[in-house]
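The values are calculated or read from the model by the stated rules, or taken from the named source; none is laboratory data. What you see is a predicted model; the values in this text were computed from it and never measured. Cβ placement follows ideal geometry from the backbone for every residue including glycine, while neighbour counts extend to all protein chains displayed.
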Amino acid sequence: MDAASLEGTARPSLSPRGLDARTFVRPAVIVALLAFVLFALPALLSLYYVDALTQVAIYAIVALGLGLLAGRVGLVSLGQAAVLALGAWVAARLLFATALPFPIVLLLAGLVTMALGTVVGLPALRLSGLYLALITLMLAGAITVVLATTNFPNGGHGFLGYNSNALHTPAMRRPTIASSDPAFFRYSVIVGALMFLLALVHVRTRPGRAWAAIRQSEAAARAAGINTTLYKLWAFALASFVTGVAGGLLAGSSRYLYSIDFPTQASITLLAVVLMGGIFSLWGAIVAALLLQLLPALLNSWGVSPDWLTILFGIGVLQVLTTAPAGLVDQVPKDLARVGRLLSGVARRRARTGESTP
Amino acid sequence: MIEVSDLTVRLGGVTALDSMSVNFVQGTCGLIGPNGAGKTTFFNVLSGFVRPVGGSVRAYGEDLLGMVHFRRARWGLRRSFQTEQAIEQLSVFDNVAMIHEHSRLSRASRRQEVLDAISFVGLEIDPQAKVATLGAAQRRLVEVARAVVGEPRLVLLDEPAAGLPDEETEHLSGVIKAIPGHTGALVILVDHDMSLVSACCGATAVLDFGTVIASGPTGEVLRDEKVMRAYLGTEEIV
Ligand SMILES: Nc1ncnc2c1ncn2[C@@H]1O[C@H](COP(=O)(O)OP(=O)(O)OP(=O)(O)O)[C@@H](O)[C@H]1O
Ligand SMILES: [Mg+2]
């Protein structure tokens, strides 16, 4: 038995989660990173890139929701961009109709989207894999069609809040503390960080364990006493909530929303980048958002059409599906380590040959 | 005491259980039979994954089949699967804790009881190690730890020793024998390894084509002519 080989690595078994250096180092690194993003980035970058990074922050939340569903529970949804549009719609409606503080609007957008998104998740109780993907894609298509006819609210009256005769559309309001673009960027990052924290709490506790069980085998999960229906719906509810909040941020960041900005295929591209980023780590969501929002901004500024990205993402997904199922977030550090070993090996060989030939 | 009477299950065109009737009284009981006899199907009925067309199962006087499947774990039903199902993404501790958190027991004692279960099965590894990093024998022990945690009342083990080397099987055999004394649960052991079954089980029932063809003290049952014939596949000429 390989117990002997494991003994060497065994830590004292009763230390609660190992109160070693890592327990403190990790949060410290994250806080430092967050501080850099919040304070240094807006000062260093042009407004063009600040705006692009605001989109990254927003889409990182969307990717987080989809990553939770696909990576933790094993439910592949092709309707998340439509869920985002729902959140944006609700937030827009509230921003025009009420004087509620922005955080409350975000919360309400999250909650309403949660209710609607859970309905989108209902098919998940009976379906999985290809059929679930197909059904969620159809639902996304339906949402796109409905949005195209109702349009996003633009300050009009009635339930839909759309005035087709408006010559001048008022801009969506932003929180007073975050009315400039750099300030709204910071605001988005903080909201995003809160959403990641919410996800982390879920993944680390009872629901996270239940999801891991469901992902591996539903029968085994039920035998373990897990109400699989409840926990699947819970996953959809959580993913929809964070996506709805992201929709609220999107309303505030873009200030004008148009239904053509939410095509059905956006959901497919979203799944592609989420897979490329890596669905088994929460960090993968950030990588996914960088691919989806920063890369096109870079290409644009270099005068290259971002349409080429579709091909790149296609190749990327192929690579993930065939050789690196845990995505870039897992692959890149491994590759870097390999390159590092290679370089240090070369350096050592150099040093050795240097010694022998004085 | 588990009383099974007239249990009948149809899967597609196959009658997997054909009015199966048997009582499992106490301790570790064996359930054996040739491939396709219906042993796993019987476990699936107890788990609530398969709905029988007829018959009943009473466990300690309660109607087990009337319970929703995921509630049965709370009641005290535990099982291991023929293809082992410890959750790879989670640590050994979380694998076992997950069962405890869906049982009736309080949170306060969870940590200790989970560690107790891990040491009961003789797993001498870091509880925080991910199951994906373990070998086959250790994973099997994780499954048994999952089965004994949180005051189980009925433990179903589906071929827990399949594919294990003799040494590991012997260790597992000791653990299985100790479960009733340690937890008070009744254990039903399905396995094709007759020496394991004779070592662990006082009483054994034999299934063949979904029907119980013999039951009683393990030694006697194994010597039974009908049982030998079932295993050798000798067709009766009617
Ligand atoms: N899902 C299913 N659909 C149709 N028939 C099935 C299904 N599952 C099992 N069967 C059939 O039911 C019968 C009993 O199968 P079961 O798996 O319970 O046997 P078993 O005693 O556990 O066999 P083994 O020792 O090989 O594990 C077999 O004839 C099998 O082919
Ligand atoms: Mg079987």
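Data for the structure
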| quantity | calculated |
| --- | --- |
| Candidates B:Leu7, B:Leu17 - the one that is more than 14 Å from ligand 2 (Cβ to nearest atom), touching a helix residue (DSSP H, G or I) at 6+ places or on another chain (Cβ under 9 Å) and farther than 30 Å from B:Glu124 by Cα | B:Leu7 |
| Failed item in (1) in contact (Cβ under 8 Å) with a residue 24 or more places away in the chain; (2) in a helix (DSSP H, G or I); (3) more than 30 Å from B:Glu88 (Cα to Cα), with A:Ser344 passing the rest | (1) |
| Enumeration of residues in region A:278-314 that are modelled with pLDDT under 90, within 24 Å of A:Phe184 (Cβ to Cβ) and either loosely packed, with under 14 Cβ neighbours inside 10 Å or among the small types (Gly, Ala, Ser) (or both) | A:Asn300, A:Ser301, A:Pro306 |
| Residue selected from region B:83-92 under the condition surrounded by fewer than 21 Cβ atoms within 10 Å (Cβ to Cβ) and of a type outside the set (S, T, N, Q), by the criterion nearest to B:Val45 (Cα to Cα) | B:Glu84 |
| Qualifying residue in region B:65-82 (condition: under 20 Å from B:Val206 (Cβ atoms), surrounded by fewer than 22 Cβ atoms within 10 Å (Cβ to Cβ) and either within 16 Å of ligand 2 (Cβ to nearest atom) or over 16 Å from the mean Cα position of the chain (by Cα) (or both)) | yes |
| Tally, over region B:147-200, of residues that are within 15 Å of the chain's Cα centre (by Cα) and within 16 Å of ligand 2 (Cβ to nearest atom) | 15 |
| Residue match in region A:306-316 (condition: in contact with a Ser or Thr (Cβ under 8 Å, 6 or more places away or on another chain), in a helix (DSSP H, G or I) and away from chain B (no Cβ under 14 Å)) | yes |
| Among residues of region B:29-40, those that are within 13 Å of ligand 2 (Cβ to nearest atom) and within 12 Å of the chain's Cα centre (by Cα), counted | 4 |
| Residue, modelled with the lowest pLDDT, within region B:114-126, restricted to residues that are charged (D, E, K, R) and more than 21 Å from the chain's Cα centre (by Cα) | B:Glu124 |
| Filtered residue count, region B:46-60, keeping only those that are more than 15 Å from B:Val14 (Cα to Cα) and within 16 Å of ligand 2 (Cβ to nearest atom) | 3 |
| Residue that is surrounded by fewer than 18 Cβ atoms within 10 Å (Cβ to Cβ) and not hydroxyl-bearing (Ser, Thr, Tyr), where the choices are B:Gln112, B:Gln138 | B:Gln112 |
| Any chance A:Ile268 is at pLDDT below 85, within 22 Å of A:Val83 (Cβ to Cβ) and not aromatic (Phe, Trp, Tyr) | no |
| Complete set of residues in region A:211-227 that are within 15 Å of A:Leu125 (Cα to Cα) and within 7 Å of another protein chain (Cβ to nearest Cβ) | A:Ser217, A:Ala219, A:Arg222, A:Ile226, A:Asn227 |
| Spans of helices (runs of 4 or more DSSP H) in region B:22-141 with at least 2 residues more than 30 Å from B:Lys226 (Cβ to Cβ) and within 10 Å of chain A (Cβ to nearest Cβ) | B:71-75, B:92-101, B:110-120 |
| Single match in A:Val83, A:Val76, A:Val56 (criterion: within 25 Å of A:Pro123 (Cβ to Cβ), touching a residue at least 24 places away in the same chain (Cβ under 8 Å) and in a helix (DSSP H, G or I)) | A:Val83 |
| Where a residue in region A:275-297 is away from chain B (no Cβ under 14 Å) and within 14 Å of A:Gly316 (Cα to Cα) and its partner, wherever it lies, is surrounded by fewer than 21 Cβ atoms within 10 Å (Cβ to Cβ) and of a type in the set (Phe, Trp, Tyr), with Cβ under 9 Å and at least six apart | A:Met276/A:Phe313; A:Gly277/A:Trp283; A:Leu291/A:Phe313; A:Leu292/A:Phe313 |
| Verdict on B:Ala16 being farther than 30 Å from B:Thr133 by Cα and either crowded, with 22+ Cβ neighbours inside 10 Å or within 16 Å of ligand 1 (Cβ to nearest atom) (or both) | yes |
| Qualifying residues in region B:24-58 (those that are crowded, with 16+ Cβ neighbours inside 10 Å and among the polar types (S, T, N, Q)) - the one farthest from B:Gly210 (Cα to Cα) | B:Thr28 |
| First in region B:132-154 and without any contact (Cβ under 8 Å) to a residue 12 or more places away in the chain, second anywhere and in a loop (DSSP other than H, G, I, E, B) and not aliphatic (A, V, I, L, M), Cβ under 6 Å, 6 or more apart | B:Gly135/A:Asp2 |
| Answer from B:Thr204, B:Thr218, B:Thr183 - the residue that is modelled with pLDDT of 90 or more, closer than 30 Å to B:Met98 by Cα, crowded, with 16+ Cβ neighbours inside 10 Å and away from chain A (no Cβ under 14 Å) | B:Thr183 |
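Residue-wise test of (1) at pLDDT 90 or above; (2) of a type in the set (S, T, N, Q).
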position	(1), (2)
A:Pro27	no, no
A:Leu68	yes, no
A:Ser77	no, yes
A:Leu84	yes, no
A:Val105	yes, no
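Residues checked against (1) in contact with a strand residue (DSSP E or B) (Cβ under 8 Å, 6 or more places away or on another chain); (2) among the hydrophobic types (A, V, I, L, M, F, W, C); (3) more than 16 Å from ligand 1 (Cβ to nearest atom):
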| site | (1), (2), (3) |
| --- | --- |
| B:Arg71 | no, no, yes |
| B:Phe81 | yes, yes, no |
| B:Gln85 | no, no, no |
| B:Ala97 | no, yes, yes |
| B:Ser109 | no, no, yes |
| B:Gly122 | no, no, yes |
